[in-house]
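The structure appears right after this line, and notes come after that.
Just so it is clear, none of the values below were taken in a lab; they were calculated from the coordinates. All figures in this text were calculated on a predicted structure; none of them were measured in a lab. Cβ atoms come from the backbone with ideal geometry, glycine included; neighbour counts cover every protein chain shown.
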Amino acid sequence: MGKGFRINQSRGIKYLELLLPKKGICRGYFSTREGGISTNPYGSLNLGFHVGDDGDRVLTNRELFLRSVGVPPEMVVVPEQVHGSNIVNVCKTHGGKGVFQMNDAVRGADALITKEPGVVLAALYADCVPIYIVDLENKGIGLAHAGWRGTIQNIAGKMLNKMEVDFGTVGDDCIAYIGPSIGFCCYEVGSDTAQDFVSLFPYDDNIYKEKTKGKYYVNLKEANAKILVDSGIDSRRIFVCDLCTSCSEELFFSYRRDGGKTGRMAALLGLQ
Ligand SMILES: [Zn+2]
């Protein structure tokens with residue numbers, strides 16, 4: 001699993017919890033597919049409305065997961081997630097947006113930041129990379145959704161930059177977590193996408209490697225960790241979960257592995 005995470009179970013729901021160096025500042029989670037009421041291919045804790053599952057079941061699953069971690073749904077904020085790099089600073093008035101229906105999710109955003117205690121940032125994943133940043137001094141947080149597009153668009157660096165502008169955050173005060181996502185073992189791309197990574201990270205064989213002619217593996221977690229280090233966060237304070245969503249079929253949905261028809265896990269991050 002990697003340092004920085006542990007697996008927990010409460011009220012029949014299994015989830016990952018972020019291990020923070022200080023108590024009382026914030027809490028963060030990542031759901032698994034276990035403990036919900038949806039049937040396959042969404043079995044069982046699908047938290048995404050937009051994937052073709054029954055909406056009432058998704059709503060029940062969301063309530064089950066939020067109850068298991070003790071988060072009030074009306075304090076949660078969900079971004080629309082369009083594989084872009086827009087970041088929105090949210091507050092209590094955004095509470096509940098995107099939680100009970102998808103139509104009022106925070107428009108055009110793939111990352112959210114907040115400085116308001118009680119507000120819980122959320123986003124949905126099935127292979128893409130969850131990036132959590134916590135400013136331990138200024139007490140601000142950010143949560144991003146980064147697939148290959150968001151990674152190439154530097155959403156992680158832009159999120160930290162927006163925290164700097166809006167909260168006065170500096171990288172030295174931050175700790176970051178990269179949650180379960182598709183691993184170097186399974187994330188295969190064509191040469192065009194690989195070339196984008198080669199351009200951004202020249203000669204970095206921790207980030208891409210050739211599989212066969214025209215086929216490459218890309219390491220999205222490592223690429224985002226590198227972006228965070230380049231943005232000023234100490235590499236010793238970046239925790240990367242080593243679970244691959246595609247390899248861990250028991251625990252996670254995987255868009256790639258399941259051929260696009262699958263459920264979604266959720267990441268949560270909230271200031272206390
Ligand atoms: Zn894998």
- What is the order of Arg33, Arg149, fewest Cβ neighbours within 10 Å to most? Arg149, Arg33
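Going by average Cβ density within 10 Å per residue, which order do the peptides 99-105, 47-53 take, highest to lowest?
Working: 99-105: 16.7, 47-53: 20.0.
Final packing ranking: 47-53, 99-105.
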- Query: If one puts a single equal scatterer on every Cα of the range 1-122 and applies the Debye formula without solvent, what log₁₀ I(q)/I(0) results at q = 0.12, 0.15 Å⁻¹?
  - Reply: -0.46, -0.73
- If amide H atoms are modeled at 1.01 Å from N in the peptide plane, then the residues at a separation of 5 or more from Phe239, or on another chain, having amide H under 5 Å from its own are Ala176, Tyr177, Ile178
- Convex hull of Cα atoms in the range 99-216, direction-averaged projection (nm²): 8.9
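As an exercise, take the mean of 1/r over every pair of distinct alpha carbons in the range 45-94, invert it, and state the Kirkwood radius in angstroms.
Numbers: mean 1/r = 0.0796 Å⁻¹.
Radius from the Kirkwood sum: 12.6 Å.
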- Task: Could you work out the Rg to Rh ratio of the range 156-272, with Rh taken as the Kirkwood radius (inverse of the mean 1/r over all Cα pairs)?
- Result: 1.00
- Query: Can you work out the base-10 log of I(q)/I(0) for the chain at q = 0.08, 0.15 1/Å, using the Debye formula on its C-alpha atoms alone?
  - Reply: -0.28, -1.06
- Cα centroid separation, the range 204-272 to the range 66-103 (Å): 22
- Please compute the Cα-Cα pair-distance distribution of the range 72-134 with 5 Å bins starting at 0, giving whole percents from short to long. 4, 20, 32, 27, 15, 3, 0
